[in-house]
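Asks: Pasting a structure here, questions to come.
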Amino acid sequence: MIISFVLDGEARTLEVDGGARAVDILRESCGVTAPKEGCGTGECGACTVLVDGVPRLSCLMLAAQLDGRAVITAQGLASDGPHPVQEALADLGGVQCGYCTPGIAVTAAEFLERHPDPTREEIREALSGNLCRCTGYHKIVDAVEDAAKRLGSGCGRDE
Amino acid sequence: MNVLFPATVEAALEALCAEPDAHVMAGGTDLLVRCRAEQNRPETLVCLEKVADLAGFEISDGRIRIGAATSMTAVLENAAVRERLPLLHGAAKVFASPLVRNMATLGGNVCTASPAADMLPPLYALGAEVELRSLSGVRTMPVNDFIVGPGQMALAPGELLSAIIIPIPEGRTIQYFEKVGRRKALAISVVSLAALLRVEDGVIAEARLAWGSVGPMVIRCPEAEALLKGRSLTLGALREAGEKVRDTVSPISDVRASAEYRRQVAANLLLRLAQISGAH
């Protein structure tokens, strides 16, 4: 079947098998490698992308479900330069091997839009579907907390 | 694989009639994992995400009707659910992770019919009904009649779970849900308890208790419910009810916990009701 969607701001049309997964066509047909496949069962969150603004697991979506939607990956999040969440993750050491980082970046960016002034507990809950085996999460939470300040103080990317 | 995206309930029902072997997909969080694990791809998937009529909330006549394809995030964020059905809200709060809740649906969790489904014990305790639609009409039945075995439902060919209908409990009730898992997020429950107690003048007028993950299906314990009825809510009464529960549940040992541990926890969870109500 033919699907058309907007990927990181760019219109795409491609032919996909009905059973193809979103994560596979994003990475292999579209060449956007930000979403990673970790577990393939919805438990690790490394494949998270924003679909019409909502964080979703691209390993548990069919490519067919992307038809007519707008998809933003961690790559698209950085299209005008790194998003404040991405800057904060880099600055505060919230990145180690980096495999989980794209999923965390999009989950956190969307969360901060809804919760501009979150508590650490709220950040932990928001990221509870994004596993990281390197950082122990402390620095990731620090980074999201810091990104909230960066966004709130107007030093975000809109400036 | 052929994926269909009907826009109306009628179109979905027609697709199911035309292709009796088609699988219904709501959020896909269980179905797609299963299809891959079992290498068992259905020929046709009828995906419900574009059927607007299957999502959302309606409140009337003392009932909340929740469309079967309503996402768990929507269930969690709904004000009426939070205020009137804290039992359901409590379960939604610990359901998987925010990312899975954005995709998974209430009806999908019911139709997975897992003994460990997080939303089933609350629906049993609340006395929920399922609304089933087919091209020939609509029928309803209690959720505990609908689930007939692990992964099995009393769903006729061509029929679709369209909504879950929950009576809003009257008067003052204590509603409590707790899930014990190996970790906090994304854990399959080892034992869960949904409890609804109506307490009038310090006396338990009605007790409805449902446990998940301690048998092939969600289990209620009429003996424990009967024992609590007419008594005041004390730790002693709950301990006695716990003894009945130990005899009633039939857990298995698996990778997550032993049967004996589950039996113990199923009884112990009742004691929380004393804690949250301040009883001694």
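Asks: Taking B:V190 as the residue in question, decide whether it is buried (at least 24 other Cβ atoms within 10 Å of the Cβ) and either within 16 Å of the chain's Cα centre (by Cα) or not assigned by the TED database to the domain that holds B:L106 (or both).
Replies: In short, no.
Asks: Would you point out which residue out of B:S232, B:S213, B:S250 is assigned by the TED database to the domain that holds B:F177, small (G, A, S) and more than 23 Å from the chain's Cα centre (by Cα)?
Replies: Selected residue: B:S232, the only one of B:S232, B:S213, B:S250 that is assigned by the TED database to the domain that holds B:F177, small (G, A, S) and more than 23 Å from the chain's Cα centre (by Cα).
Asks: When residues of region B:37-48 are filtered for being at pLDDT 90 or above and out of contact with any strand residue (DSSP E or B) (no Cβ under 8 Å at 6 or more places or on another chain), how many remain?
Replies: Matching residues across region B:37-48 total 0.
Asks: Checking B:L227 against (1) hydrophobic (A, V, I, L, M, F, W, C); (2) farther than 30 Å from B:A55 by Cα; (3) in contact (Cβ under 8 Å) with a residue 24 or more places away in the chain: exactly one of these is not met. Which one?
Replies: Against the list (1) hydrophobic (A, V, I, L, M, F, W, C); (2) farther than 30 Å from B:A55 by Cα; (3) in contact (Cβ under 8 Å) with a residue 24 or more places away in the chain, B:L227 comes up short only on (3).
Asks: Please specify each residue of region B:46-56 satisfying the condition of being within 14 Å of another protein chain (Cβ to nearest Cβ) and open to solvent by less than 30 Å² (accessible area, probe 1.4 Å).
Replies: Those that are within 14 Å of another protein chain (Cβ to nearest Cβ) and open to solvent by less than 30 Å² (accessible area, probe 1.4 Å): B:V46, B:C47, B:L48, B:V51.
Asks: Can you name the residue in region A:95-110 that is surrounded by fewer than 23 Cβ atoms within 10 Å (Cβ to Cβ) and in contact with a strand residue (DSSP E or B) (Cβ under 9 Å, 6 or more places away or on another chain) and, of all such residues, is farthest from the other protein chains (Cβ to nearest Cβ)?
Replies: That would be A:A109.
Asks: Moving on. Of the conditions (1) within 14 Å of chain A (Cβ to nearest Cβ); (2) touching a Gly at 6+ places or on another chain (Cβ under 8 Å); (3) open to solvent by 20 Å² or more (accessible area, probe 1.4 Å); (4) assigned to a loop (DSSP other than H, G, I, E, B), B:R183 clears all except one; give me its number.
Replies: (2)
Asks: Can you name the strands (runs of 3 or more DSSP E) wholly within region B:57-154 that have at least 3 residues being open to solvent by 40 Å² or more (accessible area, probe 1.4 Å) and either within 14 Å of chain A (Cβ to nearest Cβ) or at pLDDT 95 or above (or both)?
Replies: Fully inside region B:57-154 and qualifying: B:57-60, B:137-142.
Asks: Kindly check whether there is at least one residue in region A:80-100 that is closer than 16 Å to B:N102 by Cα and either of a type in the set (D, E) or assigned by the TED database to the domain that holds A:I140 (or both).
Replies: Checking region A:80-100: not a single residue is closer than 16 Å to B:N102 by Cα and either of a type in the set (D, E) or assigned by the TED database to the domain that holds A:I140 (or both).
Asks: Enumerate the pairs (first residue in region B:93-106 and free of Cβ contacts under 8 Å to residues at least 40 places away in the same chain; second residue anywhere and open to solvent by 20 Å² or more (accessible area, probe 1.4 Å) and of a type in the set (V, I, T)) with beta-carbon separation below 9 Å, excluding pairs fewer than 6 apart on the same chain, so at least 6 apart or on different chains.
Replies: B:P98/B:T73; B:R101/B:T73; B:N102/A:V54; B:N102/B:T73
Asks: Then there's this: Filter region B:17-26 for residues that are open to solvent by less than 30 Å² (accessible area, probe 1.4 Å) and either farther than 17 Å from B:L161 by Cβ or assigned to a loop (DSSP other than H, G, I, E, B) (or both) and give the result.
Replies: Once the filter is applied, which keeps residues that are open to solvent by less than 30 Å² (accessible area, probe 1.4 Å) and either farther than 17 Å from B:L161 by Cβ or assigned to a loop (DSSP other than H, G, I, E, B) (or both), region B:17-26 yields B:A22, B:A26.
Asks: If A:E125 meets every condition in (1) away from chain B (no Cβ under 14 Å); (2) surrounded by fewer than 24 Cβ atoms within 10 Å (Cβ to Cβ) apart from one, which number is that one?
Replies: The one condition A:E125 does not meet is (1).
Asks: Would you be able to say whether some residue in region B:27-45 is surrounded by 18 or more Cβ atoms within 10 Å (Cβ to Cβ), more than 9 Å from chain A (Cβ to nearest Cβ), touching a residue at least 40 places away in the same chain (Cβ under 8 Å) and assigned to a strand (DSSP E or B)?
Replies: No: region B:27-45 contains no residue that is surrounded by 18 or more Cβ atoms within 10 Å (Cβ to Cβ), more than 9 Å from chain A (Cβ to nearest Cβ), touching a residue at least 40 places away in the same chain (Cβ under 8 Å) and assigned to a strand (DSSP E or B).
Asks: Just the residues that are open to solvent by 30 Å² or more (accessible area, probe 1.4 Å) and over 19 Å from B:F146 (Cα atoms), please, taken from region B:193-221.
Replies: B:R198, B:E200, B:D201, B:G202, B:V203, B:A205, B:E206
Asks: Next question, about the same structure. Considering only region B:8-16, I want to know if a residue exists there that is open to solvent by 70 Å² or more (accessible area, probe 1.4 Å), assigned to a helix (DSSP H, G or I) and of a type in the set (A, V, I, L, M).
Replies: no
Asks: Please specify each residue of region B:56-67 satisfying the condition of being within 17 Å of the chain's Cα centre (by Cα) and touching a residue at least 40 places away in the same chain (Cβ under 8 Å).
Replies: Residues satisfying the conditions are B:R63, B:I64, B:R65, B:I66, B:G67.
Asks: Would you be able to tell me the number of residues in region A:9-40 that are within 14 Å of chain B (Cβ to nearest Cβ), open to solvent by 50 Å² or more (accessible area, probe 1.4 Å) and in a strand (DSSP E or B)?
Replies: Of the residues in region A:9-40, 1 are within 14 Å of chain B (Cβ to nearest Cβ), open to solvent by 50 Å² or more (accessible area, probe 1.4 Å) and in a strand (DSSP E or B).
Asks: I'd like to verify a number: residues in region A:22-80 that are on the phi > 0 side of the Ramachandran plot and β-branched (V, I, T), how many?
Replies: 0
The values are calculated or read from the model by the stated rules, or taken from the named source; none is laboratory data. Predicted model only: the values in this text are computed from it and were never measured. Don't worry about glycine lacking a Cβ; one is built from the backbone with ideal geometry, like all the others, and counts go over all protein chains shown. Surface accessibility is based on the protein's heavy atoms, side chains included, excluding ligands, DNA and RNA. Shrake-Rupley method; radii C 1.70, N 1.55, O 1.52, S 1.80 Å.
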